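Each remark here refers to the structure printed beneath this line.
The values are calculated or read from the model by the stated rules, or taken from the named source; none is laboratory data. None of these values were measured; they are calculated from a predicted model. Backbone-built Cβ (ideal geometry, glycine too); neighbour counts: all protein chains shown. Surface areas here come from the heavy atoms of the whole protein model, side chains and all, with no ligands, DNA or RNA. Shrake-Rupley method; radii C 1.70, N 1.55, O 1.52, S 1.80 Å.
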Amino acid sequence: MIVAVGAASVIVADRVGLPSIVLLLGAGLVLGPATGLLDPDALFGPMLLPIVSVSIAVVMFEGGLGLRLREVRAAGDVVIRLTTIGVLITFALVGLLGYYLLDLSGPLAAVLGAIFTVTGPTVILPLVRFLRLRGQSPVIAKWEGIIVDPVGVLFAALVFSALAAPTTASAITSIVAFSARVFLLGVLMGMACGSAYRRAARGGLLPYHLQPLAALGAAVGISGLSEALQPESGIVAATVFGIRLANSRDVSIRHVLEFKEYFVQLILACLFIVLAARLDWAELRAELDLKLLMFVALLIGVVRPLAVAAATVGSALETRDRLMLCLLAPRGIVAASIASVFSLQLVAAGYPDGQRIVPIAFTVIIGTVVFYGLAAPLGARLMGLRIANPQGVIFFNARPGLVALAKELADLGVDVLVVDANPGPIARARLAGVPAHRGNVVSREFFERIDLAPFRRLVAASPNDEANALACLTLQERLGPENVYQAPPEKQDSTDQSAGARQGGRRFGSTTIRRWLDEYPERARREKCIRVTKLTEQFKLDDLRTSPEPLTPVFVVRANGDVHTQHDDATLQAATGDTVICLKTAEPPPAT
């Protein structure tokens with residue numbers, strides 16, 4: 001039931017345009033407190049927290065796999081300050097609010113402040129993935145979520161150990177020693193595991209098709225071993241292991257990432273349902289009042305903006321990216337698990353009001369997830385940061401004709417990118433004002449450097465049919481097979497045994513496009529070879545079809561911004577308000 005409802009919630013959320021974490025929390029509340037169909041504590045018993053710990057280790061490993069060190073060169077200072085200065089500001093302000101607003105004791109308020117320094121990848125990564133943001137804010141939020149998770153867990157453990165120390169001197173000694181053990185052991189274990197995996201993969205000891213399974217087993221294993229040697233170091237080890245693999249130039253991890261992406265998505269769905277189903281309505285009603293709601297509101301509206309402001313002061317980050325970071329701080333699984341553990345430990349240590357930690361934490365989690373889940377998409381849309389409907393086109397090869405087509409699309413507001421391995425054509429494309437990347441669309445470097453969020457389709461039209469087919473086969477894993485297009489191969493007669501191998505995508509345009517691309521440099525000196533026509537009530541599609549010029553339609557930009565690519569000599573369909581891009585061919589195209 002947990003898996004089925006989790007998967008269904010993610011699919012429904014995608015269809016209705018809501019962050020999945022909002023529907024998952026709602027589903028958990030319905031299955032648990034509302035109906036009693038699901039009682040995670042009775043279902044899993046003492047295995048619940050270990051299962052959650054293992055799941056978090058897998059999520060942290062997957063998050064580490066997505067962290068490229070080159071990503072933070074422009075925003076590295078902001079990430080560091082968010083995970084240091086931001087954590088301290090959050091700790092101090094939340095502690096003060098807990099003490100004065102919620103009437104918690106000093107030690108309890110300090111533990112609460114430490115718990116809510118954690119945002120974590122369990123909530124940040126799904127939200128960032130759903131939003132598809134431009135700019136630096138998604139990179140910063142992703143790095144912050146991954147790094148602040150182990151930092152926050154460690155910070156909470158340090159605060160608790162300091163409270164248990166008999167003297168100030170022993171508290172300081174305990175904090176320093178505990179921090180050193182956790183980070184040194186976690187980093188060393190993660191690096192060692194990453195090096196061992198790298199050598200096994202390079203040496204042929206790990207078959208390629210089993211490497212995702214080996215990586216998953218290694219992440220869980222190294223996390224458990226590190227945790228057994230030193231509590232709280234397991235997630236550090238799993239995160240470092242992922243970062244080590246992500247930044248190894250000689251090991252392919254794309255297949256590992258593809259496996260982990262769906263597996264982790266399912267884990268997160270199940271975790272959120274279990275988290276919400278564990279909520280005790282009686283405890284929540286006893287704690288829920290106006291003061292607690294004010295606490296959540298101040299955490300969202302004051303604490304987070306102050307932490308972001310302190311971390312970004314003096315940086316080159318745009319104002320809208322700073323504002324977006326204020327809308328990316330929901331609390332999730334890690335905060336809930338920390339609260340559950342420390343609540344029991346506080347009661348055992350002689351703090352009877354320690355049981356208040358859990359209902360407070362759940363209220364904050366629900367409040368922040370719902371608020372940020374609804375406010376972040378709206379804020380991103382208002383600030384022009386969200387790519388709500390990606391329609392961008394990637395052109396494989398920087399031939400002059402393709403650059404000219406890309407330029408026309410860009411002038412109509414469509415995101416475009418021209419990719420070529422040769423520096424000369426790339427330089428000329430950039431001089432023409434067309435975004436261009438020097439590299440290969442089938443390389444790991446391309447997927448690491450290029451944010452594919454704005455792009456929906458590929459047009460591969462280099463002179464090499466095999467390279468076009470390979471580009472289509474590679475990109476269809478990301479864009480979908482219906483969104484990759486290839487110029488028709490040169491030979492397609494029945495005796496050509498390689499024709500099938502040289503067609504990897506849908507045919508782009510008609511058979512005349514190859515000749516048009518070859519002739520474009522010479523013809524462009526004498527005449528305009530591309531016709532861009534906006535259909536109106538005075539000039540409709542039939543008028544365009546009956547034009548005396550030999551025209552081959554290749555793109556239609558709809559009035560709502562959607563882009564349609566002509567393929568397989570399909571019948572042209574366009575309405576008033578749409579813009580049609582046609583190639584002016586040297587001879588009439590085949591009838592459509």
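Per residue, the accessible area of the chain comes to 43 Å², computed with a 1.4 Å probe over protein heavy atoms only. Beta bridges per DSSP, both residues in the chain: antiparallel share near 50 percent. Full extension of the segment from Phe44 to Tyr262, taken as 0.36 nm per residue of separation minus the current Cα-Cα distance, would add 76.1 nm.
Rounded to the nearest 0.05, what FRET efficiency do Arg198 and Ala388 give with R0 = 35 Å and r taken as the Cβ-Cβ distance? Could you check?
Calculated value: 0.35.
Binning the alpha carbon pair distances of the range 307-418 at 5 angstrom intervals from zero yields the distribution 2, 10, 12, 10, 11, 11, 11, 10, 7, 5, 3, 3, 2, 2, 1, 0, expressed in whole percent.
Computed on the Cα atoms alone, the convex hull of the range 1-45 gives a volume of 64 cubic angstrom per residue. Taking label points 7 Å from Cα along the Cα-to-Cβ direction, Val176 and Ala4 give a separation of 5.8 nm.
Starting from the Cα gyration tensor of the chain, take the square roots of the eigenvalues, sort them a ≥ b ≥ c, and report rounded, prolate or oblate (rounded when a/c is under 1.5, otherwise prolate if a/b is larger than b/c, else oblate). Because a/c hits 1.5 or more and a/b exceeds b/c, the chain counts as prolate. Rolling a 1.4 angstrom probe over the chain with all protein chains present gives an accessible area of which 61% lies on carbon and sulfur atoms. By the rule of a C-alpha distance below 14 Å, with chain neighbours fewer than 8 residues away ignored, the aspartates and glutamates paired with Lys291 are Asp103. Applying 0.36 nm per residue to the separation of Val12 and Arg558 and subtracting their alpha-carbon distance, the gain on full extension is 193.9 nm. What FRET efficiency do you get for Asp568 and Asp353 if R0 is 56 Å and r is their Cβ-Cβ distance, rounded to the nearest 0.05? Efficiency at R0 = 56 Å is approximately 0.20.
For Val302 and Leu96 in the same chain, what is the full-extension length gain: residue separation times 0.36 nm, less their Cα-Cα distance, in nm? List each step's numbers first, then the result.
Working: separation 206, 0.36 × 206 = 74.16 nm, distance 1.27 nm.
Stretched fully, the Val302-Leu96 segment lengthens by 72.9 nm.
Specify whether the C-alpha gyration tensor of the range 277-373 places it in the rounded, prolate or oblate class, a ≥ b ≥ c being the square roots of the eigenvalues: rounded for a/c under 1.5, otherwise prolate if a/b is larger than b/c and oblate if not. Since a/c reaches 1.5 and a/b is larger than b/c, the shape of the range 277-373 is classed as prolate.
Taking Cα centroids, how far is the range 11-56 from the range 239-302 in Å? Measuring centre to centre over Cα atoms gives 11 Å. With K and R counted +1 and D and E -1, the other residues having a Cβ less than 15 Å from that of Met191 yield a net charge of +3.
Working from label points 7 Å from Cα in the Cα-to-Cβ sense, the Ala309 to Lys528 distance is 5.2 nm.
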